[in-house]
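To keep things clear, I will list the structure first and then write my remarks on it.
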Amino acid sequence: MSDRPFVRQLIQLAARLTGPAHRQDMWPGLAIDRAAGQVTWRGKPLLTLVPFAAIVQQGLPLIAVVGSGPSLAAQDPAHLPPHTAILLNGAATLADRIRPLAVMVEDERFVFRHMEMLSGLPRDIPLMLSSAVLRAMVERNSRVLTGRPIALIDNLTKPVNHPRRKLTDPVLDALLTRDPSGAAMTRDPDAGVVIFGTVALSAVQVALAANPQKILLAGIDLTNAASGPRFYESATNSAPSGIVAGLNRILAGFEMARALAQAQGVEITCASPVSALLDLGYQRDTLLDLEAKGLT
């Protein structure tokens, strides 16, 4: 059963039949002026977007992209230095243990299932949200985004207020790095990112654009998305994963990310001991292992 409410399913279907399907992400009520960064809700000012660079500074020693894979349950994210982690989806539950750079959510279905988790985050933690997530959050609580630094995750192939386009569109030449496999990644996340089917790759694009010394990928298992609950879930209360169906595209994205990091002189490693990334040649990183700090 879908986590998307029935009304939203109807709106999505109607959008597909009557115009650009991605128009439903903001309808009804949300409007975004991309040039000015102004967001309104039901005709009233809601917030002013901030650029990713205001959240993730250039040249940081470390950026950790932290997912919610089961492997994280046997590790200690508190080993991460403060203000280094971009927490993805349910990894937001770690915000009471570590001080993150930001929390990133791309899929509105996560809001339908975990709005309480997101609304309980301290207001000074920056959020990186898609337009659909913005709408889903504010329509449930019109004050939940007040006073929060928020950057927009815009989809380069379905940009806010514009028609769909292909990644091969020449207008994107100045924004994208492409590889022979057909994969592509943005060089300017404020202009938009390439959506791969996992929010982790959107976060990696943001991290690569900031050119840190090192990127650490944690809780990104990929191998067991269908066989185990996320670290914050239980066996009887877990959401289905869509990663398995799109795994080939996702792995191609991570292969490109590794190549781009090497070309930039950025070290990129994987903390999960069971991740499919290890088969792609990612170096295993022991920073989060319990024994790495002499713990048992």
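Data overview
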{"read-out": "Failed condition for residue 154, given (1) in contact with a strand residue (DSSP E or B) (Cβ under 9 Å, 6 or more places away or on another chain); (2) over 26 Å from residue 276 (Cα atoms); (3) among the acidic types (Asp, Glu); (4) surrounded by fewer than 21 Cβ atoms within 10 Å (Cβ to Cβ)", "value": "(4)"}
{"read-out": "Test: residue 28 is closer than 17 Å to residue 135 by Cα and either at pLDDT below 95 or surrounded by fewer than 17 Cβ atoms within 10 Å (Cβ to Cβ) (or both)", "value": "yes"}
{"read-out": "Within the stretch 102-136, considering residues that are aliphatic (A, V, I, L, M) and in a loop (DSSP other than H, G, I, E, B), the one farthest from residue 286 (Cα to Cα)", "value": "121"}
{"read-out": "Residue tally, condition touching a residue at least 60 places away in the same chain (Cβ under 8 Å) and assigned to a helix (DSSP H, G or I), over the stretch 251-271", "value": "7"}
{"read-out": "Lone unmet requirement of (1) without any contact (Cβ under 8 Å) to a residue 60 or more places away in the chain; (2) over 20 Å from residue 197 (Cα atoms) for residue 148", "value": "(1)"}
{"read-out": "For residue 197: the one exception among (1) farther than 21 Å from residue 36 by Cβ; (2) part of a loop (DSSP other than H, G, I, E, B); (3) more than 13 Å from the chain's Cα centre (by Cα)", "value": "(3)"}
{"read-out": "Answer from 192, 182, 197 - the residue that is touching a Pro at 6+ places or on another chain (Cβ under 8 Å), under 26 Å from residue 262 (Cα atoms) and not hydrophobic (A, V, I, L, M, F, W, C)", "value": "192"}
{"read-out": "Test: residue in the stretch 137-151 that is in contact with a Ser or Thr (Cβ under 9 Å, 6 or more places away or on another chain), within 19 Å of residue 56 (Cα to Cα) and part of a loop (DSSP other than H, G, I, E, B)", "value": "no"}
{"read-out": "Matching residues in the stretch 152-181 - criterion: being in contact (Cβ under 8 Å) with a residue 24 or more places away in the chain and assigned to a loop (DSSP other than H, G, I, E, B)", "value": "154, 156, 157, 158, 159, 160, 161, 163, 164, 167, 179, 181"}
{"read-out": "Index of the failed condition, residue 292 passing every other in (1) modelled with pLDDT under 65; (2) part of a loop (DSSP other than H, G, I, E, B)", "value": "(2)"}
{"read-out": "Only listed residue being touching a strand residue (DSSP E or B) at 6+ places or on another chain (Cβ under 7 Å), surrounded by 16 or more Cβ atoms within 10 Å (Cβ to Cβ) and among the polar types (S, T, N, Q), chosen from 198, 186", "value": "186"}
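Residue by residue, here is whether (1) aliphatic (A, V, I, L, M); (2) touching a residue at least 60 places away in the same chain (Cβ under 8 Å); (3) in contact with a helix residue (DSSP H, G or I) (Cβ under 8 Å, 6 or more places away or on another chain) holds:
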residue	(1), (2), (3)
107	no, yes, yes
111	yes, no, yes
119	no, no, yes
125	yes, no, yes
131	no, yes, yes
135	no, yes, yes
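For (1) under 20 Å from residue 198 (Cα atoms); (2) in contact with a Lys or Arg (Cβ under 8 Å, 6 or more places away or on another chain); (3) not in a strand (DSSP E or B), each residue gets a yes or a no:
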| residue | (1), (2), (3) |
| --- | --- |
| 39 | no, no, no |
| 68 | yes, yes, yes |
| 78 | no, yes, yes |
| 82 | no, yes, yes |
| 86 | yes, no, no |
| 91 | yes, no, yes |
| 100 | yes, no, yes |
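The values are calculated or read from the model by the stated rules, or taken from the named source; none is laboratory data. Since the model is a prediction, treat every value here as computed from it, not as a measurement. Using ideal geometry, Cβ is built from the backbone for each residue, glycine included, and neighbour counts are taken over all protein chains shown.
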